[in-house]
1. Scan the range 172-189 residue by residue and report those that are acidic (Asp, Glu) and not in a helix (DSSP H, G or I).
2. With respect to Gly122, is the statement that it is open to solvent by 20 Å² or more (accessible area, probe 1.4 Å), without any contact (Cβ under 8 Å) to a residue 40 or more places away in the chain, in a loop (DSSP other than H, G, I, E, B) and more than 26 Å from Pro246 (Cα to Cα) true?
3. For Arg193, are the conditions met, namely being among the basic types (Lys, Arg) and within 30 Å of Asp33 (Cα to Cα)?
4. Would you check which residues across the range 64-78 are closer than 17 Å to Gly47 by Cβ and not basic (Lys, Arg) and list them?
5. Would you tally the residues in the range 166-188 being in contact with a Ser or Thr (Cβ under 9 Å, 6 or more places away or on another chain) and among the charged types (D, E, K, R)?
6. Tell me, which helices (runs of 4 or more DSSP H) wholly within the range 1-114 include 3 or more residues that are open to solvent by 50 Å² or more (accessible area, probe 1.4 Å) and free of Cβ contacts under 8 Å to residues at least 60 places away in the same chain?
7. Based on this model, can you work out whether Val235 counts as touching a residue at least 60 places away in the same chain (Cβ under 8 Å) and under 17 Å from Cys24 (Cα atoms)?
8. Which residues, counting only those in the range 204-251, are part of a helix (DSSP H, G or I), surrounded by fewer than 20 Cβ atoms within 10 Å (Cβ to Cβ) and not charged (D, E, K, R)?
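The values are calculated or read from the model by the stated rules, or taken from the named source; none is laboratory data. For clarity, every value in this text was computed on a predicted model and none was experimentally measured. Here Cβ is always computed from backbone atoms with ideal geometry, including for glycine, and neighbour counts include all displayed protein chains. Remember, those area values only see protein heavy atoms, side chains included, never the ligands or the DNA or RNA. Shrake-Rupley method; radii C 1.70, N 1.55, O 1.52, S 1.80 Å.
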Amino acid sequence: MVSDVHGNARDLARAGEGADALICLGDLVLFLDYADHSRGIFPDLFGEENADRLVELRTARRFEEARELGARLWGGVGGDRATLIEQAVRKQYAEMFAAFPTPTYATYGNVDLPQLWREYAGEGTTVLDGERVEIGGRVFGFVGGGLKTPMRTPFEISDEEYAAKIEAVGEVDVLCTHIPPEVPELVYDTVARRFERGSRALLDAIRRTKPRYSLFGHVHQPLAPRMRIGATECVNVGHFAGSGRPWALEW
């Protein structure tokens with residue numbers, strides 16, 4: 001089980017060793033590495049100094065200034081912004097999807113471009129969103145994407161649309177999402193020093209349907225990496241880009 005891969009194809013290629021299946025909870029794209037500002041689409045286009053400044057502004061929650069910086073930089077680039085980003089994402093996706101073992105079950109993160117996934121997913125990779133699948137005799141539900149934030153990442157959807165996907169999954173043994181349920185200890189990032197967005201609909205579904213596990217990522221350095229909500233074990237499966245270590249689910 002991995003999440004928040006953010007360009008770590010080297011470790012991703014080994015993540016499924018010894019497992020019956022690999023599950024990926026999204027964020028394959030690396031737009032900007034907050035630990036190493038020289039890595040990602042943004043510094044490739046605009047340089048490390050501008051990446052330093054963008055991280056500084058976002059960390060200080062000065063999102064309007066961060067958007068103004070981005071607008072100035074994009075204004076000086078020849079070519080269409082969307083086209084340039086898609087070209088860079090395609091290059092990363094080609095590498096990421098080639099590293100997936102067979103079988104892999106995956107859903108989208110908030111920085112992913114869902115419209116490209118099925119083009120790159122091979123026969124051994126099953127892409128699911130608002131859907132269920134049986135793996136090893138247990139029912140897994142998958143819900144991808146994130147909720148709307150000032151960051152305006154590519155795959156943010158409304159609370160209503162997200163709740164509808166949670167409802168479509170229904171009762172499962174293992175509920176797999178990119179973002180966590182809306183619990184302060186699970187959504188607070190201790191390094192970024194901010195609360196990320198979690199889902200109230202997901203929290204309500206956990207309390208109502210009582211899956212054995214709720215598994216997610218999104219928050220890279222959570223205050224609490226795991227906790228119980230009633231009968232459900234809630235686990236942040238980790239920032240794979242930084243650790244390179246998958247989380248194992250055994251039964």
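1. Passing the criteria: Asp173, Glu182, Asp189.
2. No.
3. Numbers: among the basic types (Lys, Arg): yes; within 30 Å of Asp33 (Cα to Cα): yes.
Yes: the conditions hold for Arg193.
4. Narrowing the range 64-78 to residues closer than 17 Å to Gly47 by Cβ: 66, 69-78.
Selection gives Ala66, Leu69, Gly70, Ala71, Leu73, Trp74, Gly75, Gly76, Val77, Gly78.
5. Result for the range 166-188: 2.
6. 48-59, 63-75, 81-99
7. When the stated conditions are applied, Val235 does not pass them.
8. The answer is Thr209, Gly242, Ser243.
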